[in-house]
1. Show the residues, 5+ positions off or on another chain, whose built amide H is closer than 5 Å to the amide H of A:T76.
2. Which trypsin sites (Lys or Arg not before Pro) in region B:12-106 sit in a loop by DSSP (not H, G, I, E or B) and have at most 12 other Cβ atoms within 10 Å of their own Cβ?
3. Dipole of the protein assembly as shown (Lys/Arg Cβ +1, Asp/Glu Cβ -1, origin at the Cα centre): which of A:V211, A:M64, A:A223 lies farthest to the positive side?
4. Report, ordered by chain and residue number, the lysines lying within cross-link reach of A:K108, taken as a straight Cα distance under 25 Å and ignoring same-chain residues fewer than 8 apart.
5. What lysines could a cross-link reach from A:K40, if we take a straight Cα to Cα line under 20 Å and drop same-chain neighbours fewer than 8 places away?
6. Given +1 on the Cβ of Lys and Arg, -1 on the Cβ of Asp and Glu, and no further charges, what dipole in debye does region A:2-101 carry about its Cα centre, rounded to the nearest 20?
7. Amide H to amide H, which residues 5 or more places from A:I4 or on other chains are under 5 Å from it, using H placed in the peptide plane?
8. Under 8 Å for C-alpha pairs, at least 6 residues apart: give me the relative contact order for chain A, rounded to a whole percent.
Amino acid sequence: MKFIIYRYNPEIDAQPFEQPFELPDEEIEPGMMVLGALLKLKQQDETLGFRRSCQEGVCGSDGMNINGSNGLACVTPVAGLKQPVTLRPLPGMPVIRDLIVNMEPFFKQYKSVKPWLIVDDEPEPESERKQSIKEREKLDGLYECILCGCCSAACPSYWWNPDKFIGPAGLLQASRFIQDSRDEATRERLEQLDDAYKLFRCHTIMNCVQVCPKGLNPTKAIAQIKKEMLKHKI
Amino acid sequence: MAGFSAWLLQRLSAVYMAVFIVIAIIWATTTDINFSVWRAGLQSTWVQLGVLLFGLSLLLHAWIGLRDVIIDYIHPLWMRLLALSLVALFLLANGFWLLAILWGFL
């Protein structure tokens, strides 16, 4: 199986380049994922850099661009991929080395939506803060995000304004806490998002929905934030 | 005007224009239009108000949309200001042109 992998080590290379790799057919196991192939290719060239941890689509470390579409290498089967399989770092994100990108700006945007419950009850209650089944159901499709960055790195609006536009991943989390019946800062959260950039750079391109490896829908979450704004303003 | 209010205004103006255009097409296809029909139509105050509101919607809608494109793609401040000024000038000129046309029917 043929691969073409983006290589760049800023300490050595003046320019990024594409390196062809070949994995012999006998090394391809049934049900093999792209990450499995990468681990084998790393035995051929141990300078090849990529992140991985849990290897089963939970940690979100190995988001990359596979044949032009962002996804997790550990849950993308090699069977069915068009050859040569082109592997590139997540687009729009600063490259540290090879397939490893700097996620710092991404997490800065995530942090800006205050992704935690804001409550104002002193002293803290003795028992847990309860939700009805209906209230809890509102968080389905929002809480499952693993912050791999595939969606934001597929979003043209995030490519153009990564420092000002929060991006689909961060906005999905903003929506998750705006929808949460236990949170007491809904109004502040909505006001914080109401400017030209943070939320409203989203032009419903929906690349985020197409690439999300967990099957989530950030576009819908963003629409829900706008609906909440409408409710609060009018 | 930015963020939510701009977003809402863009949608409201779009709804008005959509309704206006449908009505205008129905009128134009079911009426035998000639100069006197056209002139008589535009002399009605209601039609004038409708057209004026359509013009206002179009200008606002275009301003918000084009400003979005400019904010997305044009980052250096002087280029952004220049682009925004050109758009504003063009839209304002169109607005005054529409006013002049409607004024002529008063």
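Read-outs throughout are calculated quantities, based only on the coordinates presented, and are distinct from any laboratory measurement. Everything quoted here is computed from the prediction, not taken from an experiment. Virtual Cβ from ideal backbone geometry, glycine too; neighbours counted across all protein chains shown.
1. Amide H neighbours of A:T76: A:V34, A:L35.
2. Qualifying residues, ordered by number: none.
3. Of the options given, the answer is A:A223.
4. Leaving aside lysines fewer than 8 places away in the same chain, those within reach of A:K108 are A:K164, A:K198, A:K214, A:K220, A:K226.
5. A:K2, A:K82
6. With Lys and Arg at +1 and Asp and Glu at -1, about 320 debye.
7. So A:I4 has HN proximity to A:F21, A:V85, A:T86, A:L87.
8. Dividing the mean separation by the residue count of chain A yields 18 percent.
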